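Before any comments, here is the structure.
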């Protein structure tokens, strides 16, 4: 979960909730100017799938798939080149926009809740990439606790070598400053017992490698089949620092940072610890002092990438990740571990507008922390090869299911 506000300190909420209701309403009214416009708080990232950019992205997510790291291996694969992980497009543009001006002035915080991407083709080594993020809607949203909240929806379109090939949307929840949107109470940094450490080390030592060049055939997959467990973490500061570079966000200091923030509407706020008025709210989740005692948390893009990595490890080189939808239920914090498990929940065929037939499966992926609490829920659509029927790319237009979905 990505928390783009500042830590809970002084609440501006009155007992009857009137103040927070008014702030949400003010924010929704003032957001009309950005609906339909390019998101004012999203910076450009990388613009080419160079080896250094792709390998940096893979390293930051702990992805050891040689298809994304080894040029020679990629050349010998069915793709005849090294690829980038599907989630690499997040390094081009991240669609999670708070989308509003003066978010800090309203004493509100933005938290990434959902992210959805779909692809028509792969990203190959050397591809030129571009993306455009737009704010599509800002509106009230219901909350289980009865507190006033708003929702910002943003969309993104990606181009590869000048041609559109991927798209998506993101949902950011706007809440009063002292609400972190978590489904569980705030807690201190987790400390592991010796038995926990022993179990996790054993899991890591016996974890299955990526499927790689061995094709996973559609006819061999059954509904109810489970994917191998993938363990990530415990999350460290180094992991968070590496992700900043992997996602392609510019990193500047001093007067250059001061000048840049003045140009990014909605990103500039005051540091809650020092009181310095020029601070980037996008850095909140990475700051140990500002997030004490919970510790910093992983950006939503990293969680999306880890869920995607779980799927690509299972599906193999010959398959294609068509779609991935992720919902974040609570933060993945410093020191936390993440266990990803998956289940095949559907199996069917579909045809695109060029009459190319695809053999598809749907996976349900769950990510839980070391306490067994839900962190992410995801659904993925994967195209698999079958006997004499490779996955043909690119996908042309929308898909039509050829047979009823299996239960």
- Item | The one condition in (1) touching a strand residue (DSSP E or B) at 6+ places or on another chain (Cβ under 6 Å); (2) modelled with pLDDT under 95; (3) assigned to a loop (DSSP other than H, G, I, E, B) that residue 223 fails to fulfil | (2)
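Can residue 114 be described as modelled with pLDDT of 95 or more and crowded, with 23+ Cβ neighbours inside 10 Å? Steps first, please.
Working: modelled with pLDDT of 95 or more: yes; crowded, with 23+ Cβ neighbours inside 10 Å: no.
It is false that residue 114 is modelled with pLDDT of 95 or more and crowded, with 23+ Cβ neighbours inside 10 Å.
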- Test residue 216 against the stated conditions and say whether it is surrounded by 12 or more Cβ atoms within 10 Å (Cβ to Cβ) and closer than 30 Å to residue 390 by Cα. yes
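A quick yes/no check of all residues on (1) surrounded by 15 or more Cβ atoms within 10 Å (Cβ to Cβ); (2) modelled with pLDDT under 95; (3) under 19 Å from residue 225 (Cβ atoms):
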site	(1), (2), (3)
310	yes, no, yes
333	yes, yes, no
350	yes, no, no
379	yes, no, yes
392	yes, no, no
395	yes, no, no
401	no, yes, no
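Counting only residues that are surrounded by fewer than 24 Cβ atoms within 10 Å (Cβ to Cβ) and in contact with a strand residue (DSSP E or B) (Cβ under 8 Å, 6 or more places away or on another chain), how many does the range 66-76 have?
Residues in the range 66-76 being surrounded by fewer than 24 Cβ atoms within 10 Å (Cβ to Cβ) and in contact with a strand residue (DSSP E or B) (Cβ under 8 Å, 6 or more places away or on another chain): 1 in total.
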- Query: Any idea which residue in the range 273-293 is modelled with the lowest pLDDT, counting only those that are part of a loop (DSSP other than H, G, I, E, B) and under 21 Å from the mean Cα position of the chain (by Cα)?
  - Reply: 291
- Go through (1) at positive phi; (2) in contact with a strand residue (DSSP E or B) (Cβ under 6 Å, 6 or more places away or on another chain); (3) at pLDDT 95 or above one by one and return the number of the condition residue 181 breaks. (3)
- Please verify whether the range 86-109 includes one or more residues that are in contact with a helix residue (DSSP H, G or I) (Cβ under 8 Å, 6 or more places away or on another chain), modelled with pLDDT of 95 or more and surrounded by fewer than 23 Cβ atoms within 10 Å (Cβ to Cβ). no
- Failed condition for residue 142, given (1) surrounded by fewer than 17 Cβ atoms within 10 Å (Cβ to Cβ); (2) at negative phi; (3) modelled with pLDDT of 95 or more: (3)
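Which of the following residues is closer than 15 Å to residue 97 by Cβ, in contact (Cβ under 8 Å) with a residue 12 or more places away in the chain and over 25 Å from the mean Cα position of the chain (by Cα): 33, 26?
Details: 26 fails: closer than 15 Å to residue 97 by Cβ.
Exactly one of 33, 26 is closer than 15 Å to residue 97 by Cβ, in contact (Cβ under 8 Å) with a residue 12 or more places away in the chain and over 25 Å from the mean Cα position of the chain (by Cα), namely 33.
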- Task: Give the number of residues within the range 28-46 that are outside any helix (DSSP H, G or I) and loosely packed, with under 15 Cβ neighbours inside 10 Å.
- Result: 4
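Pick out the one residue from 324, 306 that is buried (at least 24 other Cβ atoms within 10 Å of the Cβ), in a helix (DSSP H, G or I) and at pLDDT 95 or above. Outline the logic, then answer.
Values: 324 fails: in a helix (DSSP H, G or I).
Result: 306 is the single residue among 324, 306 that is buried (at least 24 other Cβ atoms within 10 Å of the Cβ), in a helix (DSSP H, G or I) and at pLDDT 95 or above.
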- Scan the range 198-216 and report the pairs whose first residue is within 15 Å of residue 227 (Cβ to Cβ) and whose second residue is outside any loop (DSSP other than H, G, I, E, B), with Cβ atoms within less than 6 Å and a gap of 6+ or a chain change. 203/231; 210/313; 216/315; 216/384
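To keep it simple, each residue is scored yes or no on (1) buried (at least 16 other Cβ atoms within 10 Å of the Cβ); (2) free of Cβ contacts under 8 Å to residues at least 24 places away in the same chain.
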{"residue": "328", "(1), (2)": "yes, no"}
{"residue": "339", "(1), (2)": "yes, no"}
{"residue": "343", "(1), (2)": "no, no"}
{"residue": "355", "(1), (2)": "no, yes"}
{"residue": "358", "(1), (2)": "yes, no"}
{"residue": "371", "(1), (2)": "no, no"}
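The values are calculated or read from the model by the stated rules, or taken from the named source; none is laboratory data. Fair warning: this is a prediction, and the values are worked out from it, not measured in the lab. We place every Cβ from the backbone using ideal geometry, glycine too, and count neighbours over all the protein chains shown.
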